[in-house]
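Heads up, the thing below is written out as structure tokens.
The values are calculated or read from the model by the stated rules, or taken from the named source; none is laboratory data. In this text, all values refer to a predicted model and were calculated from it rather than measured experimentally. Counting neighbours? That spans all protein chains shown, and the Cβs are built from the backbone with ideal geometry, glycine included. With ligands, DNA and RNA removed, areas are computed over all heavy atoms of the protein, side chains included. Shrake-Rupley method; radii C 1.70, N 1.55, O 1.52, S 1.80 Å.
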Amino acid sequence: MSPREAFAEARGLVSLIKDSAAIPPIVIHKLRGNISVLEGSGGNIAVLTGPDGQVLVDAGIGVSRPQITKALAALSAGPVTHLINTHWHFDHADGNAWLHSVGARIIAQENTRKYLSQVQRVEDWDYNFTPLSPGGIPSDVFASERSLKLNAASIELRHYGPAHTDGDISVTFAEADILHAGDTYWNGIYPFIDYSTGGSIDGMIAASDANLAATTDQTIIIPGHGRPVSSRAELKQFRDMLVGIRDNVAELKMQGRSRDETVAAKPTAAFDAEWGNFVIDPGFFTRLVYEGV
Ligand SMILES: [Zn+2]
């Protein structure tokens, strides 16, 4: 595949993800402590319900508004009062504007606000994302940490540093022992890494280590993508996959192989059957790792 063909394929994926969100129903997974996950509109969305209103972690894609509205109504009476963005990507923040219009205060790391406020080019998707309308831009931002107490839940927001982007945060619900890891964790599938806004393979590995350090075998872990209810054991497999492929790709690059030669050598082969079945295919993931070693 030529670079031009690869880019065209990647750009098509953005449209594909947006269009596909309009069709499927939202699947609700009830966890514990009045916390659920909504699956089916871009990234996995966590919802905390209670007297302070609904608190969402990520907004999904705008065209899913009818299905998300229906799913939220099935969980509890509204309104949505708070929305936390794990990072700026469209499949997590495209729904910001409509959620703000129904009353959500939007909270994010300061880099996320920056990227949502300006035209943002993602080189590896060959795609220019336009700024959100003013209402969709997070109004409440922080640099490294933020604590909230809502619906009797202690919610901790923590900046990872550069990982999948440089604005990713983890969201921890302390009493329920639930971690939403955003796109630092893709359960059972190769992840996208956004070098255009500060992500890297080494940052992804560091974030995985931070997620492992912050959890136990009892913790429920919500990944940004992939099967939405996960565990520390599965997270460990993801981390080991990242490290294994990073080592293989670094070795090939050190030998002087070009990016295309490295892809042709199939450094992900041992992992492809399990991890290579989503939008980030083995060749695409190899190119992303190559860029950062
Ligand atoms: Zn993302």
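Residue separation of S258 and K70 scaled by 0.36 nm, minus their Cα-Cα distance, works out to 62.7 nm of gained length. Ranking N277, T49, L212 by how far each Cα lies toward the positive end of the dipole of the chain (charges on Cβ) leaves T49 at the top. How much of the DSSP bridge set in the chain is antiparallel, in percent, rounded to the nearest 5? Of the beta bridges lying entirely in the chain, close to 65 percent run antiparallel.
With the full set of protein chains in place, find how many percent of the accessible area of region 29-133 is carbon and sulfur; take the probe as 1.4 Å. In region 29-133, the share of accessible area belonging to carbon and sulfur is 51 percent. Taking 37 °C and 0.692 mPa s as conditions, the chain diffuses translationally at an estimated 172 µm²/s according to Stokes-Einstein applied to its Kirkwood radius (Cα pairs). Entry note, region 134-253: relative contact order of 21 percent, from Cα contacts under 8 Å with a spacing of 6+ residues. Here region 154-293 exposes an accessible surface that is 51 percent carbon and sulfur, computed with a 1.4 Å probe and the other protein chains kept in place. Given an 8 Å cut-off on Cα distances and at least 6 residues of separation, report the relative contact order of region 47-93 as a percent. This gives 50 percent for region 47-93.
Sorting check: for 62-71, 187-196, which peptide has the highest mean count of neighbouring beta carbons within 10 Å, and how do the rest follow? Intermediate results must be reported in sequence, preceding the final value.
Details: 62-71: 19.2, 187-196: 22.5.
Averaged packing, sorted descending, gives the order 187-196, 62-71.
Counting only alpha carbon atoms, the long axis of helix 201-213 and the longest principal axis of the chain meet at about 50°.
Average accessible surface for the chain: 40 Å² per residue, computed with a 1.4 Å probe over protein heavy atoms with every protein chain in place. Its Cα centre serving as origin, region 215-293 has a Cβ charge dipole (Lys and Arg +1, Asp and Glu -1) of approximately 140 debye.
For the chain, the residue among Y127, L75, I26 whose Cα projects farthest onto the positive side of the dipole built from Cβ charges is L75. Basic side chains Lys and Arg get +1 at the Cβ, acidic Asp and Glu get -1 at the Cβ, and with that the dipole of the chain about its Cα centre reaches some 560 debye. Reducing region 130-164 and region 184-228 to their Cα centroids gives an inter-centroid distance of 17 Å. With contacts taken as Cα pairs under 8 Å at a separation of at least 6 residues, the chain carries a relative contact order of 13 percent.
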